[in-house]
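Everything below concerns the one structure shown next.
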Amino acid sequence: MKGNSAMVPQISVAQTGSRTGLPVVLFHGWPGSRLQRTPDRGLLRELDVRLITMDRPGIAGSGAQPGRQLVDWPPVMEAVADRLGLKSFHLVGVSAGAPYALACAHGIPHRLRSVSILGGLAPQPVMRHHAPIYQKARFFYTLIRHHPRVARWILHLMRRYLATATSPLPALVVRRLPASDQQALGDARFSRMLLRDFRRAFRKGIEGPFLDAVVLASDWGFEISEITMEVHLWHGLADTVVPPGMGRYLAGELPRCREKWEPELGHYGLVAQCLREVIEVMRQQDANR
């Protein structure tokens, strides 16, 4: 597991819920920032959770990490945990946050109480076998690798849309999503959270999101099959953003995977509806330690 960036940047962190509660670190999807979290703070207090989110390097309040690779992330996460006084913690990777969570499961398993993946993105080469070329994730990461100028142009358009938008996704896109996603995005609090999150991701321009996508579209630098700790995986069978085939690939590669497939849920619906269950699994993990 070798990276090429020794510098650990300053990372902007946000904490919500109970300050003394169950420590849960959530890695945001793409695009995203430290604002990508449940808007239901009452739920976090009810479940006694200390939810920790952060901007990845180069995004919003976090410093840049030139030349970073995915395998450079575990030392950054360890530095953040040390700063917060966390000897160990639970980890959730949502969508494009899943590769970062898996990198930690591979690189710093001694710091992790559990790892959960929700609608997790698979390595870019896998997309050729599990997603048609027009599918959103495969199409964009193909552009990142082979047509970066076009990808940058798309990001400029995204940033321009978000600057004046009242919804995180255009109505035309939402209409093509499964019912559970439309329901999640129709919730005012969830939609407002996601819009603020996307805007923060582009606060300093397109470079942070672009480089984050480059990291995700590049070789991950480790084998998923080498991860020795148990990983819990949730995936919606109606997901059109990260197709179920990607979840099946991750489940097949992980030596110790506990998978749960949600027949009616899409990408956003999965994230919106499964948090309580994920936290219950974490508490069970702690009870079994």
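The values are calculated or read from the model by the stated rules, or taken from the named source; none is laboratory data. Fair warning: this is a prediction, and the values are worked out from it, not measured in the lab. In this analysis, Cβ positions are derived from the backbone assuming ideal geometry, glycine residues included, and neighbour counts consider all displayed protein chains.
Observations, loosely collected:
- Flag for residue 214 being touching a Gly at 6+ places or on another chain (Cβ under 7 Å), buried (at least 16 other Cβ atoms within 10 Å of the Cβ) and modelled with pLDDT under 95: no
- Among the residues of region 58-81, the ones that are more than 19 Å from residue 33 (Cβ to Cβ), in a loop (DSSP other than H, G, I, E, B) and at pLDDT 95 or above come to 1 in all.
Per-residue answers, yes or no, for (1) farther than 21 Å from residue 214 by Cα; (2) of a type in the set (Lys, Arg); (3) out of contact with any Pro (no Cβ under 7 Å at 6 or more places or on another chain):
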site	(1), (2), (3)
28	no, no, yes
32	no, no, yes
35	yes, no, yes
45	yes, yes, yes
51	yes, no, yes
55	no, no, yes
62	no, no, no
70	no, no, no
78	yes, no, yes
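- Subset of region 172-210 that is closer than 27 Å to residue 244 by Cα, more than 16 Å from the chain's Cα centre (by Cα) and acidic (Asp, Glu) - its residue that is surrounded by the fewest Cβ atoms within 10 Å (Cβ to Cβ): 187
- Where residue 88 falls short, out of the listed (1) surrounded by 20 or more Cβ atoms within 10 Å (Cβ to Cβ); (2) farther than 25 Å from residue 240 by Cα; (3) modelled with pLDDT of 95 or more; (4) touching a Leu at 6+ places or on another chain (Cβ under 9 Å): (1)
- Of the residues making up region 113-136, one or more are over 16 Å from the mean Cα position of the chain (by Cα), at pLDDT 95 or above and on the phi < 0 side of the Ramachandran plot.
- Residues of region 17-54 satisfying the condition of being outside any strand (DSSP E or B) and of a type in the set (D, E, K, R): 19, 34, 37, 40, 41, 45, 46, 48
- Considering (1) in contact with a Pro (Cβ under 9 Å, 6 or more places away or on another chain); (2) surrounded by fewer than 16 Cβ atoms within 10 Å (Cβ to Cβ), the lone condition that residue 155 does not fulfil carries the number (2).
- Filtering region 1-50 to residues that are among the β-branched types (Val, Ile, Thr) and modelled with pLDDT under 90 leaves only 8.
- Exactly one residue out of 79, 103 is out of contact with any Ser or Thr (no Cβ under 9 Å at 6 or more places or on another chain), over 16 Å from residue 26 (Cβ atoms) and either crowded, with 24+ Cβ neighbours inside 10 Å or in contact (Cβ under 8 Å) with a residue 60 or more places away in the chain (or both): that is 79.
- For region 224-232, the condition holds for no residue, the condition being that it is in contact (Cβ under 8 Å) with a residue 24 or more places away in the chain, surrounded by fewer than 22 Cβ atoms within 10 Å (Cβ to Cβ) and farther than 20 Å from residue 115 by Cβ.
- Residue 97 vs. criteria within 17 Å of residue 272 (Cα to Cα) and part of a helix (DSSP H, G or I): yes
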